[in-house]
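Below: one structure, written as structure tokens.
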Amino acid sequence: MPVHEIDLEPSMSSKDMVRRLHRAVVGHEDVSERDLQDDLIEALGVARCIMLIRHADRLTREASAQLHWLHERPGTCWPLFLLGGPGTGAALDREAHLRGSVLQTVEVEPLRERALMDVLQALHPLLLGAGVQLLGQIDKAVCHGILAHWITFLRVALHIQALAVEAGHPAPVLDRDLTRATIAHLPTTITHRKSR
């Protein structure tokens, strides 16, 4: 099944949620604001897809109620996954109906120490070539054992590496210089995250 991923922003209203879902499922917004929800309902009625909501800890009461209403409509056949940080439970508690529809909660702990290093060094040759000490420092500074953050770090580092090669320079290895350049270009959702 295709997966539609939606990143929630803080303070989203029910209308914001409809717009975001419509954009993900339908792919365009060439209907009037008044018809947006009806168009979304029609699309979701025939959709065979998985809906993944990221940053579910940012769910407002309005957005939660809208999400619940759309998901509980008769004939709904799209699974809904909510992915969020430690505040996700509190966010779900703002809307009892959505909380009551949750079938299972899974808590995923960040990877630590040797398990983290084993996964990282198997992830990509760029990380394999870096020392365990440097990887540990990167993890402590920005990734915090979360693989999604490591994959973002890796993508940015590979992009910087490709730019260097295009400019006629040798491909940089993952050292302190490439690490600093990569961290400087990471999204603020990662660099502003406090470690737990």
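Read the figures in this text as sums done on the coordinates, not as results from a lab. Because the structure is predicted, anything quoted here is derived from the model rather than measured. Glycine gets a Cβ as well: all are built from the backbone with ideal geometry, and neighbour counts include every protein chain shown.
A few notes on this one:
- The distance linking segment 47-102 with segment 119-174 is 34 Å (Cα centroid to Cα centroid, whole angstrom).
- In Hz, Karplus ³J(HN,Hα) per residue of segment 122-132 (6.51, -1.76, 1.60; θ = phi - 60°; x = Gly, Pro): 8, 6, 6, x, 4, 6, 4, x, 8, x, 4
- Ordering of 176-184, 27-35 by packing [mean C-beta count within 10 Å, highest first]: 176-184, 27-35
- With 0.36 nm allotted per residue and the present C-alpha distance subtracted, the residue 42-residue 159 stretch has 38.1 nm of extension available.
- For segment 1-53: rounded, prolate or oblate by the Cα gyration tensor [a/c cutoff 1.5]: oblate
- Stretchable slack from residue 78 to residue 122, in nm (0.36 nm times residue separation minus alpha-carbon distance): 12.5 nm
- Annotation note: GluC sites (Glu not before Pro) in segment 68-134 located in DSSP loop regions with a Cβ neighbour count of at most 10 within 10 Å are 107.
- Net charge contributed by nearby residues that have their C-beta within less than 11 Å of residue 132 (K/R +1, D/E -1): -2
- Ranking 67, 129, 157 by how far each Cα lies toward the positive end of the dipole of the chain (charges on Cβ) leaves 129 at the top.
- Each of 77, 143, 49 was scored by other Cβ atoms within 10 Å of its Cβ. Listed from fewest to most, they are 77, 49, 143.
- Nearest-ten-degree value, helix 147-166 long axis tilted from longest Cα axis of the chain: 60
- Think of each Lys and Arg Cβ as +1 and each Asp and Glu Cβ as -1; about the Cα centre, that makes the dipole of the chain roughly 560 debye.
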